[in-house]
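*Asks:* Below: one structure in structure tokens.
The values are calculated or read from the model by the stated rules, or taken from the named source; none is laboratory data. Keep in mind the model is a prediction, meaning the values are calculated, not measured. Every residue, glycine among them, receives a Cβ derived from its backbone with ideal geometry; neighbour counts consider all protein chains shown. Note: accessible area is taken over every heavy atom of the protein model, side chains too, but ligands, DNA and RNA are not part of it. Shrake-Rupley method; radii C 1.70, N 1.55, O 1.52, S 1.80 Å.
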Amino acid sequence: MDTRADRLSEAVRDHPLVIEERTGHRCVAGAHSYLADGRVVCWVLPSDAQTHDPSLGHAVDAELARQPVPPSVQARWGATVAGERDRFWDLWCATEVLAKLADTPMVVLARRGPVTESPVSRSGVEVHWLVRRVDDVVVAHGMSWAT
């Protein structure tokens, strides 16, 4: 059975990211995230990649893996991240993907705490997400479907 989680995994496998300098990036159809060092992360998922049970959307969020964790957010998220920089950025990026796909301001989600499991439902959508490392970048990919 082809699950939505499988569809997300296949999309990540079959449609690689582009990580490059923002000034040279000319894509208009991709999902984007911008890194603090001036690079852009782009994930293009062609519309024909979804044939049955088409997703409503896809999103990507990325952060530099070695940057410091903002103390105010770490304090708010408390035991969920427990001082683990890697876990913090994984959950931050996953929560950002939810914010993008559920059209919910990140500040609202950050106050509630991070998303910790996939899928997650908010604002009429079910969001499946996965996090991985690409060199020095933490990347969360997500796809959403109507609930």
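*Asks:* Using the structure shown, decide if Ser33 is surrounded by 16 or more Cβ atoms within 10 Å (Cβ to Cβ) and either over 20 Å from Ser144 (Cβ atoms) or under 13 Å from the mean Cα position of the chain (by Cα) (or both). Let's see the steps before the verdict.
*Replies:* Working: surrounded by 16 or more Cβ atoms within 10 Å (Cβ to Cβ): yes; either over 20 Å from Ser144 (Cβ atoms) or under 13 Å from the mean Cα position of the chain (by Cα) (or both): yes.
Against the criterion (surrounded by 16 or more Cβ atoms within 10 Å (Cβ to Cβ) and either over 20 Å from Ser144 (Cβ atoms) or under 13 Å from the mean Cα position of the chain (by Cα) (or both)), Ser33 qualifies.
*Asks:* Taking region 105-147 only, how many residues are touching a residue at least 60 places away in the same chain (Cβ under 8 Å) and either of a type in the set (A, V, I, L, M) or within 14 Å of Trp43 (Cα to Cα) (or both)? Break it down stepwise before answering.
*Replies:* Filtering region 105-147 for residues touching a residue at least 60 places away in the same chain (Cβ under 8 Å) gives 118-119, 125-126, 128-130, 132-146.
Those left that are additionally either of a type in the set (A, V, I, L, M) or within 14 Å of Trp43 (Cα to Cα) (or both): 125, 129-130, 132, 134, 137-143, 146.
Summing the residues that are touching a residue at least 60 places away in the same chain (Cβ under 8 Å) and either of a type in the set (A, V, I, L, M) or within 14 Å of Trp43 (Cα to Cα) (or both) in region 105-147 gives 13.
Listed here are the residues, each with its yes/no results for (1) more than 16 Å from Thr3 (Cβ to Cβ); (2) open to solvent by 20 Å² or more (accessible area, probe 1.4 Å).
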site	(1), (2)
Leu101	yes, yes
Met106	yes, yes
Val115	yes, no
Arg122	yes, yes
Glu126	no, yes
Arg133	yes, yes
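*Asks:* I'm trying to understand the selection: among the residues of region 55-77, which are exposed (fewer than 14 other Cβ atoms within 10 Å of the Cβ) and more than 29 Å from Leu45 (Cβ to Cβ)? I'd like the intermediate steps shown before the answer.
*Replies:* Just the residues of region 55-77 that are exposed (fewer than 14 other Cβ atoms within 10 Å of the Cβ), to begin with: 66, 68, 70-72, 75.
Residues satisfying the conditions are Pro68, Pro70, Pro71, Ser72, Ala75.
*Asks:* Kindly provide the set of residues from region 135-147 that are within 18 Å of Ser55 (Cβ to Cβ) and open to solvent by 10 Å² or more (accessible area, probe 1.4 Å), ordered by number.
*Replies:* Within region 135-147, Ala146, Thr147 qualify.
*Asks:* Working only within region 95-106, note down all residues that are among the aliphatic types (A, V, I, L, M) and closer than 17 Å to Ala62 by Cα.
*Replies:* The first filter runs over region 95-106 and keeps only residues among the aliphatic types (A, V, I, L, M), leaving 97-99, 101-102, 106.
Val97, Leu98, Ala99, Leu101, Met106 - these are the residues of region 95-106 that are among the aliphatic types (A, V, I, L, M) and closer than 17 Å to Ala62 by Cα.
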